[in-house]
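Each remark here refers to the structure printed beneath this line.
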Number of protein chains: 2
Amino acid sequence: MTASLDALSVPALLARVEAIFRKGGLNAVQAGALSRVIVAGERDACKSHGIYRIEGALRTVKAGKVQADAVPELMPDDGSTILRVNAKGGFANPAFELGLPHLAERARRLGIAALVINDCTHFSALWPEVEAVAAHGLAALALCPSYATVAPTGGKEPLLGTNPLAFGWPRRDAEPYVFDFATSVAARGEIELKRRAGETLPEGWALDAAGQPTRDPEAALAGAMLTFGGHKGSAISTMIELLAGIMIGDLTSLESLRQLGSTNLSPSHGELILAFSPERFAAGREGDPFARAETLFEAIVGQGARLPSQRRFAARAVSERDGITLSSSERAQLDRLEAEGLDAVAL
Amino acid sequence: MTASLDALSVPALLARVEAIFRKGGLNAVQAGALSRVIVAGERDACKSHGIYRIEGALRTVKAGKVQADAVPELMPDDGSTILRVNAKGGFANPAFELGLPHLAERARRLGIAALVINDCTHFSALWPEVEAVAAHGLAALALCPSYATVAPTGGKEPLLGTNPLAFGWPRRDAEPYVFDFATSVAARGEIELKRRAGETLPEGWALDAAGQPTRDPEAALAGAMLTFGGHKGSAISTMIELLAGIMIGDLTSLESLRQLGSTNLSPSHGELILAFSPERFAAGREGDPFARAETLFEAIVGQGARLPSQRRFAARAVSERDGITLSSSERAQLDRLEAEGLDAVAL
């Protein structure tokens, strides 16, 4: 199949997005890392984390809530499992890129290592990060708070964030096993879409401002979302506040919302990424862990279930072969952002 | 309040249970560790992990599926984050007790450490273990497979186990923040209770042997359970197979079921316990992580939600003050087990 005339190759889209961020005042490390993660979303047909996110990132810059010229700094290394990068008030993504090779080396040496990112603005999915760790032959777990929009089970008010949890397992001859999901039952954007479509919400999604269950999207947006899986999801979300907020010396979702004062900008907090070396963990035991994992995956697929992220990987293959096709309004939006920079976004 | 005449003190019940296990042929390390974890369950009014479990443990001994005289062995230490105890075919509990001080020391030194237990028979809850790690001032995450009784989302057949996940966070002036739950939507025992009571199951609990959704407990027991939280719980359960089965060089839930050939005995597999030092992780950052966690817990409780495990802790306080009251049939059962040992249990 030949590429559509309207399709942009992945590198061409990357160059365009990077130019937009440079025009918006981001320095090279910020613009580069943001472009890579946004184009990865668009490439994987993960539209909610694709070029749609450019405007929100620029709005956060314009509001003065993120340092567009931040240069992340690797903090002094004490030889422990903890590698620490201070994002210096910039986005999380360049901080992750700076820390990744150190994280991988340390995990290979010690079996486990942790990358702590502090003082960052966060707006992207976590799957690009667990995939990047898995590319080093390591398993990865990534977690972070968000801003308070979710009530704990049995509670009434926003306290927890949508607090995503992502995991990656490396595969030798396939894309990694990867999942990445919010610990809220739905994303805030899904409730907004239901509101625009005039639909009611499924039961169990949200509470109204008085803390009562509601199926009205408008009331839900003024109230609180709920966690997935009832009290179990609520417990996992609380664990994420503890480990990836409080333990790493960074903001909880409630503190982040108070600092930001809005749910329309990207929140500031930290992030925790754990890397595990299956080779170190399996050493001296029977069987190759990567081959055994394939047997598990075959058993899942063999009974008709799916592995997570397969739709993304299929879209990725198409994008890499045929390029990425944008709608005319998306193309017009990129043109405007590239021409006008921060003037193109309203606060 | 004075103790009931029929109440046993916690140490007195511990001595009785230990005597039963010794009579059943367990050596001192196996009998001691098993008694401690079973009496902890009974003390916390967690009946499903209390003295009710004695008979199942003895049945597994009688079936020759666990080494009653095993002495767990700390494997050679390579100075990494990975501490490894081989349970030598015995129960997981004495292996955990052997590894715990090493795990705590290593986590304090390196920020994170992992205790891998291999070649163990597992039958107890995970909360005693995360509580024991938290007593060292460390956060803990414990996970293990089980035997295959749960289908992955979109699948038809048992492949995953009930795969529990437990977490603990140490608190200075209170019992730790602890959760411990199966990643299946319900425990197998709950389905069995519904069957005995002639009740139907809630939707979403189980599939029948043909892989179709069922609300009939009998059909569910012949089929497969489902995970909590739909595809998200299924992904977490799969992660547990990968990290706490395959990565540590031990059995998956499917392999464990095949080896055991029964769901009426305790399964053999491994276990993974991670310990984190909040002091190391928060070093150099503003705020004390333990004090900040209290603020989070107050916000949860302040809006009417509960912290997990509070019912257990309340029962514990009562048991420690008033002793543990057993029913007459429970007392008779203890008498019989103590008198007859393995002859009292049927395979």
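The values are calculated or read from the model by the stated rules, or taken from the named source; none is laboratory data. Not measured: the values here are computed from a predicted model. All Cβ positions, even for glycine, are placed from backbone atoms using ideal geometry, and neighbour counts span all protein chains on display. The accessibility values were calculated without ligands, DNA or RNA, using every heavy atom of the protein model including side chains. Shrake-Rupley method; radii C 1.70, N 1.55, O 1.52, S 1.80 Å.
Where q = 0.05, 0.07, 0.08, 0.11 Å⁻¹, what log10 of I(q)/I(0) comes from the Debye formula for the protein assembly as shown, counting one point per Cα?
-0.24, -0.48, -0.63, -1.18
When you look at the Cβ of every residue in A:274-281, what mean number of other chain Cβ atoms sits within 10 Å? Walk me through the intermediate numbers first.
On the way: counts 4, 0, 9, 4, 6, 1, 6, 13.
So the per-residue partner count for this stretch is 5.
Using Cα-Cα distances under 8 Å and only pairs 6 or more residues apart, what relative contact order does the range B:163-268 have, in percent?
On the way: 137 pairs, mean separation 19.4, N = 106.
Answer for the range B:163-268 is 18 percent.
Which loop GluC sites (Glu not before Pro) in the range B:214-294, with loop taken from DSSP, have no more than 13 other Cβ atoms within 10 angstrom of their Cβ? Intermediate values should be presented prior to the final figure.
Numbers: sites: B:GLU218, B:GLU241, B:GLU255, B:GLU271, B:GLU279, B:GLU286, B:GLU294; in loops: B:GLU286.
Of the GluC sites (Glu not before Pro), the ones in loops of the range B:214-294 whose Cβ has at most 13 other Cβ atoms within 10 Å are B:GLU286.
Identify, for chain A, the residue whose C-beta comes nearest the rotation axis onto chain B, and round that distance to whole Å.
That would be A:GLY229, 1.
Show which aspartates and glutamates lie in cross-link reach of B:LYS65 when reach means a straight Cα distance below 15 angstrom and same-chain residues fewer than eight apart are skipped.
B:GLU55, B:ASP119, B:GLU255
Leaving out ligands, DNA and RNA but keeping every protein chain, what accessible area does A:MET75 have, in Å² rounded to the nearest 10, with a 1.4 Å probe?
60 Å²
Going by average Cβ neighbours within 10 Å, how do the peptides A:321-327, A:80-86 rank, with the highest at the top? Each step should come with its number before you reach the end.
Numbers: A:321-327: 15.9, A:80-86: 25.1.
Ranked from most to least packed, the peptides come out as A:80-86, A:321-327.
Averaged over every viewing direction, what's the projected area of the C-alpha convex hull for the range B:260-337? Give it in nm², one decimal, please.
Numbers: hull surface 43.0 nm².
Quarter of the Cα hull surface area: 10.7 nm².
Starting from the Cα gyration tensor of the range B:149-190, take the square roots of the eigenvalues, sort them a ≥ b ≥ c, and report rounded, prolate or oblate (rounded when a/c is under 1.5, otherwise prolate if a/b is larger than b/c, else oblate).
Prolate, since a/c reaches 1.5 and a/b exceeds b/c.
Nearest 500 deg cm²/dmol is fine: what mean residue ellipticity at 222 nm does the protein assembly as shown get from its DSSP H runs of n ≥ 4 alone, each adding -39,500 (n - 2.57), divided by its residue count? Provide the component values of the computation, followed by the final result.
Values: 26 runs with 296 residues, N = 694.
It comes out at -13000 deg cm²/dmol, rounded to the nearest 500.
Counting alpha carbon pairs within less than 8 Å and at least 6 residues apart, what relative contact order, in whole percent, applies to the range B:142-199? Mind showing how you got there, number by number?
Numbers: 80 pairs, mean separation 14.4, N = 58.
Relative contact order for the range B:142-199 comes out at 25 percent.
Checking the cross-link filter: which lysines have an alpha carbon closer than 21 Å to that of B:LYS156, excluding same-chain neighbours under 8 positions apart?
Counting by Cα, and skipping residues close in sequence, B:LYS156 has these lysines nearby: B:LYS232.
Under 16 Å Cα to Cα from B:LYS23, which lysines show up? Leave out anything in the same chain fewer than 8 places away.
Partners within reach: B:LYS62.
5 Å is the cut-off here: which amide hydrogens, built 1.01 Å from N in the peptide plane, fall below it relative to B:PHE91, excluding neighbours closer than 5 in sequence?
Placed amide hydrogens put B:THR121 under 5 Å from B:PHE91.
Per-residue HN-Hα couplings for the range A:139-154, Karplus 6.51 cos²θ - 1.76 cosθ + 1.60 at θ = phi - 60°, whole Hz, x for Gly and Pro?
Going residue by residue, I get 7, 9, 10, 10, 8, 7, x, 8, 10, 5, 9, 10, 8, x, 4, x Hz, with x marking Gly and Pro.
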